[in-house]
Amino acid sequence: SGSKYNLLGIEIFDILVNAANEWVKANKAILTRKAHFISCNANVSLKSLCLPNVQAICIQFPDPWSSARHVNRRVMTPDFVQLLAEVLPVKGELFVCTDIKSLAEEMYDLVIQCFSNVFELDTNTYDRVGEKIHATTIDDNVDD
């Protein structure tokens, strides 16, 4: 493939991982980069995966439980955002997408306000795509 990077999908449910890998296999001829999906809990296993050269992390619909009684199931917690900051290199990108506005606002507050020393909002992307969160890590977040 002509791309400079590959895609790794992390999903907690095996059935979705299997379906995604079957889709990749069926569409291999038209894909512009290699892609593979694995099953694990990103909150628990992300750092131990030892993924070299991570350039971007895209989190899609991480918190489907919008009610207060399910707040303990949330993926986007301060600890997880800290983990993302540790895994992403300087200038690495974090994309977060949800279809629940109140959760988007909570995630925005968590990523940008609580970790403003690590992430900065890419205003050009934000202006272009609306309410989607796209942040990049800044130079001060990594101890070299």
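The values are calculated or read from the model by the stated rules, or taken from the named source; none is laboratory data. Treat the numbers as computed from the prediction; the structure is a model and nothing was measured. Every residue, glycine as well, gets a Cβ built from its backbone with ideal geometry; the counts of neighbours run over all protein chains shown. Note: areas computed on protein heavy atoms with side chains; ligands, DNA, RNA excluded. Shrake-Rupley method; radii C 1.70, N 1.55, O 1.52, S 1.80 Å.
Below is a table of values for the structure above.
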quantity: Failed item in (1) outside any helix (DSSP H, G or I); (2) more than 11 Å from the chain's Cα centre (by Cα); (3) under 24 Å from residue 123 (Cβ atoms), with residue 5 passing the rest; calculated: (3)
quantity: Elements of type helices (runs of 4 or more DSSP H) contained in the range 18-130, each with 1 or more residues being modelled with pLDDT of 80 or more and closer than 29 Å to residue 4 by Cα; calculated: 42-45, 78-87
quantity: Qualifying position, being at negative phi, β-branched (Val, Ile, Thr) and touching a strand residue (DSSP E or B) at 6+ places or on another chain (Cβ under 7 Å), among 30, 15, 38; calculated: 38
quantity: Scope the range 1-45; condition without any contact (Cβ under 8 Å) to a residue 40 or more places away in the chain and among the polar types (S, T, N, Q); matching residues; calculated: 1, 3, 6, 18, 21, 27, 32, 39, 41, 45
quantity: Selection from the range 17-31 of residues that are open to solvent by less than 90 Å² (accessible area, probe 1.4 Å) and not polar (S, T, N, Q); calculated: 17, 19, 20, 24, 26, 31
quantity: The range 10-52: number of residues that are over 18 Å from residue 82 (Cα atoms) and among the polar types (S, T, N, Q); calculated: 5
